Structure formats: C-alpha cells, structure tokens
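Q: There's a structure below that I have some questions on.
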Amino acid sequence: MFSPQPWHHGNITRSTAEDLLSKAGKDGSFLLRDSESIQGAYALCVLYQNCVYTYRILPNDDKKLSVQASEGVPIRFFSALPDLVEAYYKENMGLITHLQYAVQKEEEPPEEEPEPLSLPPQLPPRNIFSNDSKESHSDPPRGTDRGTEPTRPSISDTYFQRLQQIDISNLPEDHQKSIQDYFRASVCLDAEQVQNGNLTLPHFKKLTQSICKNLNSEIARTLPSFEALQKVLDQPLSPGAGRLRTQLSADANPSVAFRLEQLTKLIQSIEDKTKNAVFEFSGYDGGHRNSLIPPVTFEVKSDSLGISNKMYLKVDVEGGKVYFKKSKDGPEDKYFVHNKILQLVKSQKMHNRLVLVVETEKGKTQSKDFVFDDTKKREGFCQLLQQMKNKHSGKPEPDMITIFVGTWNMGNANPPQNITSWFQSRGQGKTHDDTANQIPHDIYVIGTQEDPLGEKEWIETIRGALRDITNISFKQIATQTLWSIRIVVLAKPEHENRFSHIFSDSVKTGIANALGNKGAVGVSFMFNRTSFGFVNSHLTSGSEKKLRRNQNYVSILRFLNLGDKKVNPFDITHRFTHLFWLGDLNYRVDLPSNEAENIVMKIKQQQYQELLARDQLNIERGEDKVFLEYVEEEITFAPTYRFERDTRERYAYTKAKATGTKYNLPSWCDRVLRKSYPWVHVVCNSYGCTNDIMTSDHSPVFATFDVGVTSQFVSKNDLSKDAQGAIKILNCVAVLCTKSKTKFFIEYHSSCLEKFVRSPDGENQEMKEGSIKVRFAGQVELTPIIADPEYLLDQHILICIKSTDSDESYGEGCVALRSAESSYTEFSIKLTHHGECTGWLTGAIQLPKSEGKQTEKLYDFIKVGDDPGAGKGKAGDNTKMSSSVLATDISNPNYMGVGYKSNIQASGSIICQRTGASKDMTHGNISPKKTSYDHATSSPTAKTSNPIPEDGQPPEMFDNPLYGSMSGSRGAKDHHPPPDALFAFPKPTDFDSDRQPPVPTPRFRSYTCSETKPQSSSSTNLSMSSLLPQSITKKPVVPSRSEGGMIGPNRPPVPVKFRPGQTQEPQTKPRDYRDSSELPSKIRPQTRAGQTKDVHSETPPLKMGRQLK
C-alpha cells in the first residue's frame, strides 16, 4: 500500500472530480479517484481544453498497475501509484496531455462537537482481582491528578454489593449459597476466562444448571409425554418429534433456554393440531368467533328516486358477502357474493360517496350509490371489500399485497407495554378507520434507531403485538442491526415460501464514516417475481448539518450492497421494483431559534403547511439534491421531534450544554419515502404518527401501502405456436451533463432478458458548456425470454449510459414496457447517477402487438371517478361498463415513467446543473397537495391522478386531541401556496429537429376510470400541465358546463361555485370536519395579488419556498 497522496481523492464521484478539475481550469490538471466500475482499480482524470479525459489504471495478477492509454503506446507497469504518476509527468506517454498540475484533495471541514454516542452496553470494569488482592490497593503512579481518588472496586465487589441490597431470603438455601459463591469468587474466574479468549462463562453456566436442576429433571420427565401425544396427532407420523428427541439427546448438556424453547414450540404445535382435529370432527367451520376479520356494519345513505334513505351495509370478509339491510338488526336476506361485486368507484367531488357496481341475478350490471358518514368510513369499507376480493379470488398467487412500514427513534428507552396503536395506524395524520384496524398486512417492515433492546427481544415484542391484533404468528423474514439501528421484516406465514434472494447490509456514516452510531441498515428480497428494497437510516443530527445529511444519503446510496448483483451499474434506487426509505432522517424546520414559540403555536393551530415550506428535506428535494424522484405522502400530522418524554403535550426544544443552550426546534425528523418503477401499482393508505407511545422524545411514524406484485407468468396462448417478436428501442438521443471527452454506449438490463444488451457506440453531435448531446442511430432489438405481449407489459427495461474509456456509468433510468402498450411510443426519461441528475434520454419503444384480452388485476377493483351511472353495460362487457369512468389524465410521472414529447415550448434548458438549478426537471413530490384517502396513485391500469377537491379545499388537518379542537382557529389559518408543479421539457429542436413530435395516446382499459369522458383527438394538444408529468400536485381533468364534460379550446373553465344550475347538496346536520378529509369552504388558500381565482386553471402552482413570479 502507498501512503496517501494529495492528488488521490479516494471514492469521490465522477461528477465531483469533473467539478474539481473545472475549478482548476489549467490544461494538464489531474487527479486520481477510485474506479466506480472495477474494484481495486483507479481512474486518472486529466483536464485539457476544458474537457475531462478519463483513463483507467488497472492492477494485474501481480498487483502491478498500468494505464489504459492510446493504442500503439507500450504498456508500462508500476508497483505503486506515486511511481506511475511521476512517470506520466513526461510527454508522449499516450495521454491527451502530460500531467502538470495536481489537484489537491480538499480538506474536509473539522468535525463539530459530536453528540453523545449510543454505544453498545459497556462491560463492567476489568479489575478482576478480589478484595484482598495487593494489586487492587497499589499506589497510583506519580504525576497523575487522580492520586487522591479511591481505587475502583473489583467486579466481585461491585456485584456482591448489589446482591446484598436485594432480599433473597425467600429463595431456597442451596440457591442462595450458589449465587453468593458465584459473585464472591467465581465471577472473577469467568472474567479471567474472557480475557484469555474463552467466552462461554463456564462458572455462570454451572450456576444456572445448579439452579435449574429440578427444572431440567422436570423437562426430561415431561418432554417424552408431549412427544408421544404429538405422534398420536400427526397424520402421517411427523419426523419432527424424532428429530427433536435426537437433537436433545445428542447434546449431553443442552442449555435450559434451548429446552424451554423447544418445549414451548412443541406445546403450541400440539394445541393447534388438537384444535384443528376437534373442530374438523365436530363439523365446526370456525364461524365468526375465530375469524381473523369479524363482520363490520356501516351506516350509509342511499338515494332512491331522489329520496335519501338510511341503510346498513354488513361486510363479511370471511364469508365473502356484503349484506344490504334496512335496519341494523334487520334480516340478512339480501346480499351480494364477492364475485358479483364487480367494482367500487369512489367519487372525487364527495369524499364520502361510493358507487358499487354489482351483477344482478339476470346477468345485468347495476350501480348502487351510497354516502358514508365520513371519508374514513368509506375508506374502511373499501379496504374490507378489497381484502374480501383478495381472499376469495381463487388465484394461486396474489397480484396485490399490503405493506406496513414503521420507523421509530426509541431514544434508548424501553418501549411501553402496549405499542399496538403503531401497527394499527392510529393517531394523527392520514390514519385507518377503526373498522379496518383488524385487517392484517402481508408484510411488516419496522425500522428503529437508538434501540436499546436485543435483537431477539425486540422481534418477540413486535410479534407479540401483532399476535394481539391479528391472532397471527408472523414469520421473521430478515433482520439487520448496526449498533442501535435495526430493521426487521415480518410476513404472514402463508407467504413464507414466496420470499427469495434475501440480502441485508449496513453502512456506517458516523464520524469519519467509521462509527455506527449513524448510518443505515437495509434488507432486500424477491416476493415471487417482484423485487423490494427497504432502507432504515439514522442521519447526522443538528439543524445546521444539512449538507452532512446530504452526504450521508449519497454514501448510503453508493455503498449499501443490496439486490441483484448482476445490475452493478445501478445503485439501489434502480435495483428494485419498489424501494422504501425510512428512518430518522434528522432534517429540521429551517427557522431561527427565536421562532421556537411561534412554531409551537402554529403546531397547536395545525398550520403545518407554513412549517413544511421551511422543512429542510422538502427544500433539498425541491432542488434535486437528495431523494430524486422519491415520493412522500402528504404530511398532515404534527412534528414528531422533540417531545418531553412521557407526554405529547409539550415540545422540549431547548437543551442546556456546556457551550450554551442548544435549540432543537420541533421538526419532522422521522419520515417514510418510496421510489417505484414507472407504471406499477402503489397506493398509500395511511401516513401519520401515534399519540400514545411516549417513552421516547420521538413519536413512532407509520405508513401503509397497497402494492402490485407479479408472479411466475403462465401464458394463455397456444404453446405450440412460437411467439415471435422483439422489443425494439429506436432513435435514442441523450443529453449528458459532463465535460468528459469520450464515446458512449447504452446497456439494456432487464429480468425479461437472458443477458444485458449493448448498443453500438453513439455519435457525439454537439458540445455545450457542461453538457454533450449523443445520438444512438438505428434501432436495438431486445429478445425477451417470453415474447407474450401480456408478460412484457409487466416488465421494465433498465438503461445505463456508459463511457468507452472507463466503462463507468454516466446516467441510469428506467422505461416501463406498459407505456408502449399502443405498440409504438416515444419516451423521455431523466438520467441519474449516485443521486444526481446527469441528463435526459429520449427515444421510442415498440412491442409486439397484443392479441386477446389481458388478465384483470385485483387492484383494478377500486377506481376513482364521478359518474354515478358507471357500469350500466351488459354483464361481462367490461369495456362498456367502464367507458364512462375511463381515466384520461396522463400527468403522473410516478407511474407513467415517460414524458411524451410534444410541441410545447419548454421554459428552460435541458442541461442539468448540479448546483440545484435543475429544479424545473424534478419528478419529486415536494409537499403534495393531495386529497386524503385517495387511492388514485401510481396505478398502471387506472391512470387517474390524485385530485384536489373541486372547491379548492386543502386536505383536512386532523385535530390533535392533545391540543383540543381547532374549530376556533381554523378560520384564521394562513395556508401556504401549493408547491410548484412545473416540469420543464426540452424543446424538440434540442434533440432532433427532423423528428415530428408525437401525440400522446391515452390507453383505455377495462375497469379504468376518470371524472371525464375520453378526449377526442382534436383536444390532445393541451397545455403543459395536462401532458407533462406533474410531480408535485395532481390536478384532475375538470368537466366544464357542457354535457360531455369537455373543455372547449376557447372557453375557459368556470369554477363550480359560479356555475348556473349547480347547487350543493343540502346537509341534514352540521358537518364535523374532524372526522372527514374536508375542511369548511371558508378555509381556502388566500389568493395573492396578481393570482387568478380560477381554481381550475391549468397553470401549475409554484413550489413551496420559492418566490411567486
């Protein structure tokens, strides 16, 4: 190994190296960095004529280093990097120019005063000598200021004193003597054994065996009886008992804990088998007494001939029926079986209204319109019916699962006895209705920070809480711990065999990236054919250390080793169909410390939007500095840090330190974000925090999701006919943010390909300051392992643009093949690398034409629309039935994954600026102004966006019960303007002047819905906000006064409250807005000067934290 040199910059990124050389500005400036593509290799970066040239330095088998330089130049080998660099100061060595000016490594800012580390528990003092030992009383060395301090007591003294303070008179005399003997002398002998490398504590083991002598004999006497009982109950005879007996007898002296654990498992198994045998013999089917989900009754209103009638809907998930009753205790003679309930259509205008599309006895479809007490009741009803559909679908493998994601900084304190509210999503924010609390999720992912418990103890605590809620014993899938940062994954027992390719890893980001008090742990796995990744991180604390947190994020992104190792060019943001990032991210509300009292007042008044506008994470995401293209559900709960412990009524925002008072302003430190492949189904059902778990200064945060999954594909086509066709990628043009002077090529990766495919080298067409345009002429054909079009529509192509000189990635992206369902589609995707925006790629994709009807997905059961007459077609004619609720809004980039090129003139250049000026191209949802409880998020088949209510009302801020009702303060609420949704695309001339811009073709599919009818071809040329991805706010297509719901080209939309002939539905009693997702109409964002009052304007709102223009 060579000594560190100032020109060796370690594992900095390629873009950072280019920035450093650009600052140097002299031809011949150079630096070395570690290679991103080959372990143990280096990259020599040289600046010449404002371009950066990169040369790989590779080691051979003898660890000799050589430079890959120009052809025809003899290869020279060097033993160390300093010798190599010294040699290339000479001219004519094969480089673009000889090395002249070494770019020095920038000195890192000194670490500020670290916070107290949550180190692992400390061992007792290593003074193993007894009380009468001479060494323990030796004089201290001269010259120390501790000469007058008393000698630290020995380990024997320490524990023997503790023993004397405990009343053990009620213990058996032989047990008393054994314990006293151990702490008087034997504990010192065990300490000596540990110092000599023996960690078995033999004397302590002897003590436990002595105490458990009778217990051991009792287990030995009891175990054979239970084994015999199990043999009787096993049909056929289970080999498990024999293996257990052999295992116990093989170990001549098994631990008591092991034998108790085996005995406990055996007794539980016997109890379960006995119950099953008795129930089966007596004909008892389990009934509702032992159902996982008991029947739930909802009170609703139904309109019949203009008359509102009260009704009751009883949902029996286990029985697969929905009963329609006129009274709560009325007869249950009228019901619909699960397979006769075709679809649920949720109204966007009235958030407590729902349409059930059912099939009648005569084979016709009928719509039934119901109004629930509030939005949460409607959502609870929908979740129960979705669960019923999933349970009785008859599909061998699920195509939708539910996932619970929770994060909690435990504050190094043991949890309370009851933590079930966390797993039931009860508390503040977007929460579950009580009727849906008993629905078990398929997967639970729990991340903790500053966790004081042992791994086994914490897992059993979680499993016990889930058992109390669901009566299910969840299986442990994976766990990973880094110091006190931990992630645990549990799943239903029925899914255990669906998990594969399980990986876990951790990254330290503490001081000098060497300490694990800060960092991340991660777990990844395959659920059938869908890949998942979960990252739990604890980032640097301190309001002023925002940049350090950003660096933590990039380090975790680069070095957390999860997922498929075949896709090495891609970091974890592209390796998984679904990636969830949770934890104590420690981003703070960026306000002066003298604003503390004002912040607390705004929290009590639930004026969260003003504080979220100053949230550091929102600001950094808005500037594309961290979490590019991640999505976070809207925050409608109070800051989760920093509370006084044992209460949630007061924030402890001051902390006395030796250097003065430190302020920890109330902040949303604990977050859950996600990033999924385009065109996949993801719906967030809850996002909030608990109110009743108060042992820490943080509140636990929960989020639940409905997630679409895929399984092994079975074609419905004739297998005798060979499916023909390939995936064609055409006319790709890339704009890369780089000063490198090199050639580029594209690598295509996908699970539907046998191996990755490389394109021919591209042609560098023009070079602008800090960017380069590369054209990849012709087409690339990808041959899938299965050519069935239905299979391909669920697949994704990962794209990586690499350089020919260093084989390093300059940008990665993902294209969903479902976006090319209309056979030929042009796309435009953002390229990222190591968390930075590095450019754009445009092109076209073509698939084999699909024949036949596609298989319906379970998640297509719930749609969003406004037409109560949906579904009046004939039975089985799904296209007709759903024609009135088809979705036409294609503005959601989170599931589109592609931006359609059009003749829209972009307002900005395509060149990415790493300084944060690329905010016009962000996909990320900074602070989404979405309506609460909307399922219209990221669905590949229901292309609706999360709407804003037509009256412009923001989502409800639920009352914090600890601060009392907010009814008196809401009227004065100062809402911050919604964030910016501007998504700047390049002008067509920036890419290809001779290519005609395509016209986006909305995809219509059965059971999709929207609030308008399909648009005609004459109206496809809409404004930017209706065609381009809207990442911040998702405005619905609002029907105009015309009967068809179309907005004419020369007729501006009219706000609802000014439309003639349209009246609001009367309310029979005052609304309690604490129980719904709506706010009184008087609470609306105030219109600023110069801002139009038309709530339907298609001009995207501006980002939070930016000045209005």
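The values are calculated or read from the model by the stated rules, or taken from the named source; none is laboratory data. All figures in this text were calculated on a predicted structure; none of them were measured in a lab. Note: ideal-geometry Cβ built from the backbone for every residue, glycine included; neighbour counts use all protein chains shown. With ligands, DNA and RNA removed, areas are computed over all heavy atoms of the protein, side chains included. Shrake-Rupley method; radii C 1.70, N 1.55, O 1.52, S 1.80 Å.
Q: Could you name every one of the strands (runs of 3 or more DSSP E) located completely within the range 353-415 that has at least 1 residues being within 30 Å of V488 (Cβ to Cβ)? Show your work before the answer.
A: Details: elements: 353-359, 365-372, 400-409.
Result: 400-409.
Q: If F258 satisfies every condition in (1) aromatic (F, W, Y); (2) over 30 Å from E218 (Cα atoms); (3) at pLDDT 60 or above but one, which is the exception?
A: All conditions are met except number (2).
Q: When you look at V683, is it open to solvent by less than 10 Å² (accessible area, probe 1.4 Å) and not acidic (D, E), yes or no?
A: Numbers: open to solvent by less than 10 Å² (accessible area, probe 1.4 Å): yes; not acidic (D, E): yes.
Considered against the rule, which asks whether it is open to solvent by less than 10 Å² (accessible area, probe 1.4 Å) and not acidic (D, E), V683 comes out as yes.
Q: Can you tell me which residue in the range 441-474 is surrounded by the most Cβ atoms within 10 Å (Cβ to Cβ), limited to those that are farther than 24 Å from S696 by Cβ and modelled with pLDDT of 95 or more? Lay out the reasoning, then the answer.
A: Initial filter on the range 441-474 (farther than 24 Å from S696 by Cβ): 442-443, 470-473.
Now restrict to residues that are modelled with pLDDT of 95 or more: 442-443.
On the way: D442: 20, I443: 23.
Applying the filter and picking the extreme gives I443.
Q: All but one of (1) closer than 25 Å to H538 by Cβ; (2) surrounded by 21 or more Cβ atoms within 10 Å (Cβ to Cβ); (3) under 22 Å from the mean Cα position of the chain (by Cα); (4) not aromatic (F, W, Y) hold for T420, so report the exception by its number.
A: The one condition T420 does not meet is (2).
Q: Taking S524 and the conditions (1) part of a strand (DSSP E or B); (2) out of contact with any Lys or Arg (no Cβ under 8 Å at 6 or more places or on another chain); (3) surrounded by 23 or more Cβ atoms within 10 Å (Cβ to Cβ), which numbered condition does it fall short on, given that it satisfies the others?
A: For S524, the failing item is (2).
Q: Now, a different point. G542 - would you say it is crowded, with 22+ Cβ neighbours inside 10 Å and either in contact (Cβ under 8 Å) with a residue 40 or more places away in the chain or farther than 27 Å from G708 by Cβ (or both)?
A: no
Q: Ok, one more. Against the conditions (1) part of a strand (DSSP E or B); (2) open to solvent by 10 Å² or more (accessible area, probe 1.4 Å), where does T704 fall short? Just the number, please.
A: The failed condition is (2).
Q: Are any residues in the range 636-647 open to solvent by 10 Å² or more (accessible area, probe 1.4 Å) and part of a loop (DSSP other than H, G, I, E, B), and if so, which ones?
A: Taking the range 636-647 as the starting set, the residues that turn out to be open to solvent by 10 Å² or more (accessible area, probe 1.4 Å) are 641-647.
Those that are open to solvent by 10 Å² or more (accessible area, probe 1.4 Å) and part of a loop (DSSP other than H, G, I, E, B): R642, E644, R645, D646, T647.
Q: Here is a further query. Considering every residue within the range 494-504, establish whether at least one is part of a helix (DSSP H, G or I) and either surrounded by 19 or more Cβ atoms within 10 Å (Cβ to Cβ) or hydroxyl-bearing (S, T, Y) (or both).
A: Step one: list which residues in the range 494-504 are part of a helix (DSSP H, G or I), which gives 494-498.
Applying the additional criterion that residues be either surrounded by 19 or more Cβ atoms within 10 Å (Cβ to Cβ) or hydroxyl-bearing (S, T, Y) (or both) yields 498.
Yes, the range 494-504 contains a residue that is part of a helix (DSSP H, G or I) and either surrounded by 19 or more Cβ atoms within 10 Å (Cβ to Cβ) or hydroxyl-bearing (S, T, Y) (or both).
Q: Let me ask something else about it. Of the numbered conditions (1) surrounded by fewer than 21 Cβ atoms within 10 Å (Cβ to Cβ); (2) under 16 Å from L841 (Cα atoms); (3) in contact with a Lys or Arg (Cβ under 9 Å, 6 or more places away or on another chain), T695 satisfies every one except a single condition; which is it?
A: Every listed condition holds for T695 apart from (2).
Q: Follow-up. Consider the range 448-484. How many of its residues are in contact with a Gly (Cβ under 9 Å, 6 or more places away or on another chain), free of Cβ contacts under 8 Å to residues at least 60 places away in the same chain and hydrophobic (A, V, I, L, M, F, W, C)?
A: Adding up the residues that qualify gives 1.
Q: Sort through G516, G510 and tell me the only one that's open to solvent by less than 10 Å² (accessible area, probe 1.4 Å), touching a strand residue (DSSP E or B) at 6+ places or on another chain (Cβ under 6 Å) and at pLDDT below 95.
A: Working: G510 fails: touching a strand residue (DSSP E or B) at 6+ places or on another chain (Cβ under 6 Å).
Within the list G516, G510, the selection yields G516.
Q: For the subset of the range 52-65 comprising residues that are open to solvent by less than 20 Å² (accessible area, probe 1.4 Å) and out of contact with any Pro (no Cβ under 7 Å at 6 or more places or on another chain), which member is nearest to G28 (Cα to Cα)?
A: Of everything passing the filter in the range 52-65, V52 is nearest to G28 (Cα to Cα).
Q: Related question: For R674, only one of the following conditions fails: (1) in contact (Cβ under 8 Å) with a residue 60 or more places away in the chain; (2) in a loop (DSSP other than H, G, I, E, B); (3) more than 15 Å from R588 (Cα to Cα); (4) open to solvent by 10 Å² or more (accessible area, probe 1.4 Å). What is its number?
A: If we test R674 against (1) in contact (Cβ under 8 Å) with a residue 60 or more places away in the chain; (2) in a loop (DSSP other than H, G, I, E, B); (3) more than 15 Å from R588 (Cα to Cα); (4) open to solvent by 10 Å² or more (accessible area, probe 1.4 Å), just (2) comes out false.
Q: Now a separate question. Under the condition of being surrounded by fewer than 19 Cβ atoms within 10 Å (Cβ to Cβ) and touching a residue at least 12 places away in the same chain (Cβ under 8 Å), which residue from the range 757-766 is nearest to A726 (Cα to Cα)?
A: The first filter runs over the range 757-766 and keeps only residues surrounded by fewer than 19 Cβ atoms within 10 Å (Cβ to Cβ), leaving 757-758, 760-761, 763-766.
Now drop any that are not touching a residue at least 12 places away in the same chain (Cβ under 8 Å), which leaves 757-758, 760-761, 763-764.
Details: V757: 13, R758: 15, P760: 18, D761: 21, E763: 25, N764: 28 Å.
Looking at the filtered set, the residue picked out is V757.
Q: State all residues of the range 15-49 that are open to solvent by 10 Å² or more (accessible area, probe 1.4 Å) and of a type in the set (K, R); if no residue qualifies, say none. Explain how you work it out, then say what you get.
A: As a first pass, look at the range 15-49 and keep what is open to solvent by 10 Å² or more (accessible area, probe 1.4 Å): 16, 19-20, 22-27, 34-40, 42, 48-49.
Across the range 15-49, the qualifying residues are K23, K26.
Q: Within the bounds of the range 806-822, is there any residue that is surrounded by fewer than 21 Cβ atoms within 10 Å (Cβ to Cβ), of a type in the set (S, T, N, Q) and either closer than 26 Å to F559 by Cα or in contact with an Asp or Glu (Cβ under 7 Å, 6 or more places away or on another chain) (or both)?
A: No, the range 806-822 contains no residue that is surrounded by fewer than 21 Cβ atoms within 10 Å (Cβ to Cβ), of a type in the set (S, T, N, Q) and either closer than 26 Å to F559 by Cα or in contact with an Asp or Glu (Cβ under 7 Å, 6 or more places away or on another chain) (or both).
Q: Hey, could you check the range 823-860 for residues that are among the basic types (K, R) and surrounded by fewer than 23 Cβ atoms within 10 Å (Cβ to Cβ) and say which is nearest to S750 (Cα to Cα)?
A: Within the range 823-860, the subset among the basic types (K, R) is 830, 849, 853, 857.
From the residues that got through so far, the ones that are surrounded by fewer than 23 Cβ atoms within 10 Å (Cβ to Cβ) too are 849, 853, 857.
Details: K849: 20, K853: 25, K857: 22 Å.
Among them, the one singled out is K849.
Q: All but one of (1) touching a residue at least 40 places away in the same chain (Cβ under 8 Å); (2) under 18 Å from S809 (Cβ atoms); (3) not small (G, A, S) hold for E781; which doesn't?
A: Tallying (1) touching a residue at least 40 places away in the same chain (Cβ under 8 Å); (2) under 18 Å from S809 (Cβ atoms); (3) not small (G, A, S), E781 fails exactly one: (2).
Q: Can I ask one more? Does the range 603-625 include one or more residues that are in a strand (DSSP E or B), out of contact with any helix residue (DSSP H, G or I) (no Cβ under 6 Å at 6 or more places or on another chain) and in contact (Cβ under 8 Å) with a residue 12 or more places away in the chain? Please lay out each step first, then the result.
A: Looking only at the range 603-625, we keep the residues that are in a strand (DSSP E or B), and these are 615.
Pick out the ones that are also out of contact with any helix residue (DSSP H, G or I) (no Cβ under 6 Å at 6 or more places or on another chain) and you get 615.
Narrowing the set further to residues that are in contact (Cβ under 8 Å) with a residue 12 or more places away in the chain leaves 615.
The answer is yes; a qualifying residue exists.
Every residue, every condition in (1) polar (S, T, N, Q); (2) within 39 Å of the chain's Cα centre (by Cα); (3) open to solvent by 10 Å² or more (accessible area, probe 1.4 Å), yes or no:
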{"position": "K321", "(1), (2), (3)": "no, yes, yes"}
{"position": "V345", "(1), (2), (3)": "no, yes, no"}
{"position": "R353", "(1), (2), (3)": "no, yes, yes"}
{"position": "V357", "(1), (2), (3)": "no, yes, no"}
{"position": "R378", "(1), (2), (3)": "no, yes, no"}
{"position": "Q383", "(1), (2), (3)": "yes, yes, yes"}
